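Q: So that we are looking at the same thing, I have put the structure below in structure tokens.
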Number of protein chains: 2
Amino acid sequence: MKTIYLDHAATTAVDGTVLKEMLPYFSRRFGNASTLYTLGHESREAVERARKQIAKLINAEPNEIFFTSGGTESDNTALKGAFLANAGKKHIITTKIEHPAILQTCKWIEKQGGRVTYLHVDANGIVNPQSVANAIGEDTLLVSIMHANNEIGTIQPIEEIARICREKKVMFHTDAVQTFGKIPIDVKKMNIDMLSASSHKIYGPKGTGILFKRNKIWIDALMHGGGQERGLRSGTENVAGIVGFGKAAEIAMQKMKSEGEREKKLRDKIINGLLKIPKSRLNGHPTKRLPGNVNISFEGIEGESMVLMLNEKGICSSTGSACSTGSLEPSHVLLAIGMTHEQAHGSLRLTLGRETSAKDVGYVLKAVPEIVDKLRSMSATWRE
Amino acid sequence: MKTIYLDHAATTAVDGTVLKEMLPYFSRRFGNASTLYTLGHESREAVERARKQIAKLINAEPNEIFFTSGGTESDNTALKGAFLANAGKKHIITTKIEHPAILQTCKWIEKQGGRVTYLHVDANGIVNPQSVANAIGEDTLLVSIMHANNEIGTIQPIEEIARICREKKVMFHTDAVQTFGKIPIDVKKMNIDMLSASSHKIYGPKGTGILFKRNKIWIDALMHGGGQERGLRSGTENVAGIVGFGKAAEIAMQKMKSEGEREKKLRDKIINGLLKIPKSRLNGHPTKRLPGNVNISFEGIEGESMVLMLNEKGICSSTGSACSTGSLEPSHVLLAIGMTHEQAHGSLRLTLGRETSAKDVGYVLKAVPEIVDKLRSMSATWRE
């Protein structure tokens with residue numbers, strides 16, 4: 001049976017060109033980038049080349065890019081690092097629909113004496129920039145608002161929010177894990193102070209990410225040690241991973257426009273097809289939405305049962321975010337956009353990627369209604 | 001020109017078998033280990049297999065192994081995690097010769113209100129267990145002492161030290177980055193509570209490490225988020241890296257005894273050969289020493305010049321630790337064993353590994369004396 005992978009927001013397969021670029025750095029070019037001999041210099045050069053590739057994608061300077069082990073580490077570094085380096089200001093503003101890497105980090109900061117405002121979002125998952133402006137006070141240190149939501153795909157007006165922050169002299173961080181390499185980002189034009197991104201969401205390897213940090217922003221390190229990454233992130237550089245991330249960023253930049261348009265068409269075909277199912281609704285904004293994101297709820301259905309039955313048909317999908325799978329709590333994002341616990345349990349997320357074809361979409365549009373029918377017919381509570 | 005790599009303490013090339021094992025997890029088996037479908041299950045199983053392979057090497061339970069991005073993260077997690085989870089006890093004991101990942105983390109803990117004792121070592125770099133016992137007080141939370149030193153190769157009496165800690169109900173952590181997979185470790189028999197290890201020192205990929213944490217020990221997470229690794233280490237699992245580390249641990253276990261004996265013989269051949277050079281001395285313990293570690297000082301020589309000239313002859317070597325290369329400060333380890341600043345600058349570290357041959361040793365024993373002669377003849381200060 002063919003696998004139809006529709007969980008690109010969780011992770012992606014490494015692109016063949018990316019892997020090819022990485023391979024020499026496992027074997028022949030394995031040097032530690034911090035050493036003095038030629039083998040080490042080659043690794044250093046490879047790391048710096050990747051830094052440029054990544055900087056270019058978001059219009060940053062290469063020395064504003066810091067390699068980490070992934071999006072979670074970048075988020076933790078940005079928030080804890082800002083909090084610990086700025087003892088005078090204790091207030092952070094974020095939203096109720098952030099990724100757990102932000103929300104759980106905020107919980108930690110609260111335990112350390114910080115104060116966090118979790119902003120509401122509207123029914124489409126949009127944060128009102130005015131609510132950010134209203135929440136900013138004398139002791140506000142940082143605003144952290146994700147660029148696009150990992151579950152419902154809603155894209156936030158971060159340019160407007162960041163402008164407000166810059167005017168009020170408050171740091172602005174964005175978790176761009178879902179948008180980096182997928183929709184345009186210009187950190188200069190958009191007044192972004194810090195940005196988190198991850199390699200494995202854009203066909204690069206797992207275990208590598210970046211924190212972009214504007215040169216005028218000062219934060220503490222999360223990890224201390226040998227002083228790599230100009231003291232912000234100690235630990236031997238994951239050279240092969242970094243090389244892969246760099247190449248993945250380069251490819252993403254080339255493909256962004258055409259692939260975005262292609263995915264958007266397929267996405268809307270799925271959305272329109274699935275909304276024909278009775279008592280279904282689209283979660284997230286209808287147009288301000290990631291090109292590859294579909295999130296639909298079906299009344300009377302358990303999302304988890306749906307994912308398992310789709311798996312039987314070779315389709316990889318998710319309900320809630322992959323990161324919180326295993327938990328019985330309904331998605332905090334779906335609750336935040338006003339759904340009931342019951343409604344939130346019945347959501348299906350399908351996230352498209354480069355290998356998603358029109359044929360796959362046809363297959364999905366046949367499989368999902370059948371499964372919804374079957375699950376509803378088995379349900380004791382379902383009434384049409 | 002052939003490259004003779006003698007910097008295995010800095011990093012190693014990924015073993016061919018290890019890389020082969022990793023490859024499917026970049027492409028075909030790329031699933032996120034936290035997802036519900038088959039592709040995710042395969043990744044989950046691979047991660048758990050690796051956890052068993054690693055646990056076996058140190059006689060731990062698989063659920064006591066937590067994957068991290070490397071030794072630095074493991075050290076940071078152990079120390080900061082213990083400090084933050086135990087508000088009542090503020091005192092940590094370590095040594096003056098730890099890796100920067102421990103020393104810089106201790107500096108951070110001091111800034112957060114902790115108190116740290118940095119124990120002296122003797123001229124061979126050995127910590128006296130009695131000095132640990134003497135330093136333990138009412139508010140001592142944790143003792144962290146490296147298993148073997150990365151620069152001078154001295155192996156510490158950690159079994160004796162850990163026994164003292166267990167008796168006094170103080171946590172014991174060891175940075176075993178240089179010994180894991182190279183000399184026997186039994187966390188149960190040795191009363192170790194926490195242990196850090198890294199993949200890329202044992203022919204596994206960079207960017208992966210573990211923290212072993214005994215089940216009865218409670219620490220805070222360093223990174224918060226999706227709750228992976230049972231809440232201790234959030235972030236999408238680096239499946240390929242973890243698979244590689246697991247395989248590397250399995251191979252290391254098989255080869256440990258024979259390879260250790262082989263390296264020890266070559267090591268002693270180099271040591272005895274180089275000590276024939278006038279005004280040279282061995283740094284570190286003559287016998288309680290890592291099988292692959294040579295560290296020798298030559299009076300009147302700059303270590304860095306030596307490394308660069310050896311590079312011209314295709315030999316990869318180091319002076320001080322690779323992690324602090326680029327700094328002009330002499331090695332804190334060499335200062336701690338009683339060397340002057342001048343002596344400490346003149347040290348050469350050669351660390352052997354699986355591909356080091358008797359022929360390589362012959363080449364080194366010819367090259368080093370020539371370079372020492374040349375550098376001394378160029379030196380304004382050198383007097384024989």
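Q: Of all residues in the range A:145-203, count the ones that are more than 14 Å from chain B (Cβ to nearest Cβ), under 12 Å from the mean Cα position of the chain (by Cα) and small (Gly, Ala, Ser).
A: 4
Q: Name every residue in the range A:204-245 that is more than 23 Å from the chain's Cα centre (by Cα) and hydrophobic (A, V, I, L, M, F, W, C), in order of residue number.
A: Across the range A:204-245, the qualifying residue is only A:Trp218.
Q: Here is a follow-up. Suppose we keep only residues that are among the small types (Gly, Ala, Ser) and in contact (Cβ under 8 Å) with a residue 24 or more places away in the chain within the range A:32-54. Which one would you say is nearest to the other protein chains (Cβ to nearest Cβ)?
A: Of the residues in the range A:32-54, the ones among the small types (Gly, Ala, Ser) are A:33-34, A:40, A:43, A:46, A:50.
Next, from what is left, pick out any that are in contact (Cβ under 8 Å) with a residue 24 or more places away in the chain: A:33-34, A:43, A:46, A:50.
Numbers: A:Ala33: 9, A:Ser34: 5, A:Ser43: 9, A:Ala46: 12, A:Ala50: 13 Å.
Ranking the candidates gives A:Ser34 first.
Yes/no matrix, rows are residues, columns are (1) of a type in the set (Val, Ile, Thr); (2) outside the structural domain of A:Ala78 (by TED's automatic domain parsing); (3) over 17 Å from A:Ile93 (Cβ atoms):
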residue: A:Gly114; (1), (2), (3): no, no, no
residue: A:Ala123; (1), (2), (3): no, no, yes
residue: A:Val127; (1), (2), (3): yes, no, no
residue: A:Ser131; (1), (2), (3): no, no, no
residue: A:Ala135; (1), (2), (3): no, no, no
residue: A:Val143; (1), (2), (3): yes, no, no
residue: A:Met146; (1), (2), (3): no, no, no
residue: A:Thr154; (1), (2), (3): yes, no, yes
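One line per residue, one yes/no per condition, for (1) more than 14 Å from every other protein chain (Cβ to nearest Cβ); (2) among the aliphatic types (A, V, I, L, M); (3) buried (at least 23 other Cβ atoms within 10 Å of the Cβ); (4) touching a His at 6+ places or on another chain (Cβ under 9 Å):
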site: B:Met256; (1), (2), (3), (4): yes, yes, no, no
site: B:Lys279; (1), (2), (3), (4): yes, no, no, no
site: B:Leu290; (1), (2), (3), (4): yes, yes, yes, no
site: B:Gly303; (1), (2), (3), (4): no, no, yes, yes
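Q: Additional query: Taking A:Phe67 as meeting all but one of (1) in a helix (DSSP H, G or I); (2) in contact (Cβ under 8 Å) with a residue 60 or more places away in the chain, write down the number of the exception.
A: (1)
Q: Suppose we filter the range A:19-31 for residues that are within 7 Å of chain B (Cβ to nearest Cβ) and under 12 Å from A:Gly244 (Cα atoms); how many remain?
A: Looking only at that region, the number is 2.
Q: Answer with yes or no whether B:Asn76 is of a type in the set (S, T, N, Q), assigned to a loop (DSSP other than H, G, I, E, B) and either buried (at least 24 other Cβ atoms within 10 Å of the Cβ) or at the interface with another protein chain (Cβ under 7 Å from one of its Cβ atoms) (or both). Walk me through how you get there before you give the answer.
A: Working: of a type in the set (S, T, N, Q): yes; assigned to a loop (DSSP other than H, G, I, E, B): no; either buried (at least 24 other Cβ atoms within 10 Å of the Cβ) or at the interface with another protein chain (Cβ under 7 Å from one of its Cβ atoms) (or both): yes.
Criteria not met by B:Asn76.
Q: Filter the range B:128-160 for residues that are part of a strand (DSSP E or B), within 21 Å of B:Phe83 (Cβ to Cβ) and out of contact with any Lys or Arg (no Cβ under 7 Å at 6 or more places or on another chain) and give the result.
A: Residues of the range B:128-160 part of a strand (DSSP E or B): B:140-144, B:148, B:154-155.
Checking which are within 21 Å of B:Phe83 (Cβ to Cβ) leaves us with B:140-144.
Residues satisfying the conditions are B:Leu142, B:Val143, B:Ser144.
Q: How many residues, within the range B:8-47, are under 21 Å from A:Ala13 (Cβ atoms), out of contact with any strand residue (DSSP E or B) (no Cβ under 9 Å at 6 or more places or on another chain) and assigned to a helix (DSSP H, G or I)? Can you show your working first?
A: Step one: filter the range B:8-47 for residues under 21 Å from A:Ala13 (Cβ atoms), giving B:14, B:18-47.
Keeping just the survivors that are out of contact with any strand residue (DSSP E or B) (no Cβ under 9 Å at 6 or more places or on another chain) gives B:14, B:18-29, B:33-34, B:41-46.
Going one step further and asking which of them are assigned to a helix (DSSP H, G or I), we end up with B:18-25, B:41-46.
Total satisfying the criteria: 14.
Q: What about B:Lys279, is it basic (Lys, Arg) and at positive phi?
A: Values: basic (Lys, Arg): yes; at positive phi: yes.
Answer is yes for this residue.
Q: Identify, please: which residue in the range A:107-135 is in contact (Cβ under 8 Å) with a residue 12 or more places away in the chain and within 14 Å of chain B (Cβ to nearest Cβ) and is, among those, surrounded by the fewest Cβ atoms within 10 Å (Cβ to Cβ)?
A: Going through the qualifying residues, I end up with A:Gly113.
Q: What are the residue pairs meeting all of these: first residue in the range B:349-371, first residue under 14 Å from B:Gly314 (Cβ atoms) and assigned by TED's automatic domain parsing to the domain that holds B:Cys316, second residue among the aromatic types (Phe, Trp, Tyr) and outside any loop (DSSP other than H, G, I, E, B), Cβ atoms under 9 Å, and 6 or more apart or on different chains?
A: The qualifying pairs are B:Glu355/B:Tyr5; B:Thr356/B:Tyr5; B:Asp360/B:Tyr5; B:Val368/B:Phe298.
Q: Among the residues of the range B:265-275, is there at least one that is crowded, with 20+ Cβ neighbours inside 10 Å, outside any helix (DSSP H, G or I), on the phi < 0 side of the Ramachandran plot and not hydroxyl-bearing (Ser, Thr, Tyr)?
A: No, there is no match, as no residue in the range B:265-275 is crowded, with 20+ Cβ neighbours inside 10 Å, outside any helix (DSSP H, G or I), on the phi < 0 side of the Ramachandran plot and not hydroxyl-bearing (Ser, Thr, Tyr).
Q: Okay, moving on. Looking only at the range B:1-15, count how many residues are farther than 26 Å from B:His99 by Cα and among the aliphatic types (A, V, I, L, M).
A: Going through the range B:1-15, the residues farther than 26 Å from B:His99 by Cα turn out to be B:1-3.
Applying the additional criterion that residues be among the aliphatic types (A, V, I, L, M) yields B:1.
Final tally of qualifying residues: 1.
Q: What number of residues in the range A:325-366 are surrounded by fewer than 18 Cβ atoms within 10 Å (Cβ to Cβ) and of a type in the set (A, V, I, L, M)?
A: Residues in the range A:325-366 being surrounded by fewer than 18 Cβ atoms within 10 Å (Cβ to Cβ) and of a type in the set (A, V, I, L, M): 4 in total.
Q: Further question on the same structure: Assess whether B:Gly16 counts as being on the phi < 0 side of the Ramachandran plot, touching a His at 6+ places or on another chain (Cβ under 9 Å), within 11 Å of another protein chain (Cβ to nearest Cβ) and among the small types (Gly, Ala, Ser). Reasoning before the result, please.
A: On the way: on the phi < 0 side of the Ramachandran plot: yes; touching a His at 6+ places or on another chain (Cβ under 9 Å): no; within 11 Å of another protein chain (Cβ to nearest Cβ): yes; among the small types (Gly, Ala, Ser): yes.
When the stated conditions are applied, B:Gly16 does not pass them.
Q: Please find, within the range B:228-239, the residue that is surrounded by the fewest Cβ atoms within 10 Å (Cβ to Cβ) out of those that are farther than 23 Å from B:Phe180 by Cα and more than 7 Å from chain A (Cβ to nearest Cβ). Before you say what the answer is, go through the steps one by one.
A: Our first condition is that a residue be farther than 23 Å from B:Phe180 by Cα; within the range B:228-239, this holds for B:228, B:230-231, B:234-236.
Still in the running and more than 7 Å from chain A (Cβ to nearest Cβ): B:228, B:230-231.
Numbers: B:Gln228: 21, B:Arg230: 9, B:Gly231: 14.
Restricting to residues being farther than 23 Å from B:Phe180 by Cα and more than 7 Å from chain A (Cβ to nearest Cβ), the top hit is B:Arg230.
Q: Across the range B:79-106, what is the number of residues that are away from chain A (no Cβ under 13 Å), surrounded by fewer than 24 Cβ atoms within 10 Å (Cβ to Cβ) and part of a loop (DSSP other than H, G, I, E, B)?
A: The number of residues fulfilling the criteria is 5.
Q: Quick one: how many residues across the range B:335-356 are more than 14 Å from every other protein chain (Cβ to nearest Cβ), modelled with pLDDT of 95 or more and touching a helix residue (DSSP H, G or I) at 6+ places or on another chain (Cβ under 8 Å)?
A: Going through the range B:335-356 one residue at a time, the tally reaches 2.
The values are calculated or read from the model by the stated rules, or taken from the named source; none is laboratory data. If you're wondering where the values come from, they're calculated on a predicted model, not measured in any experiment. Cβ coordinates were reconstructed from backbone atoms using ideal geometry, including for glycine residues, and neighbour counts include every protein chain displayed.
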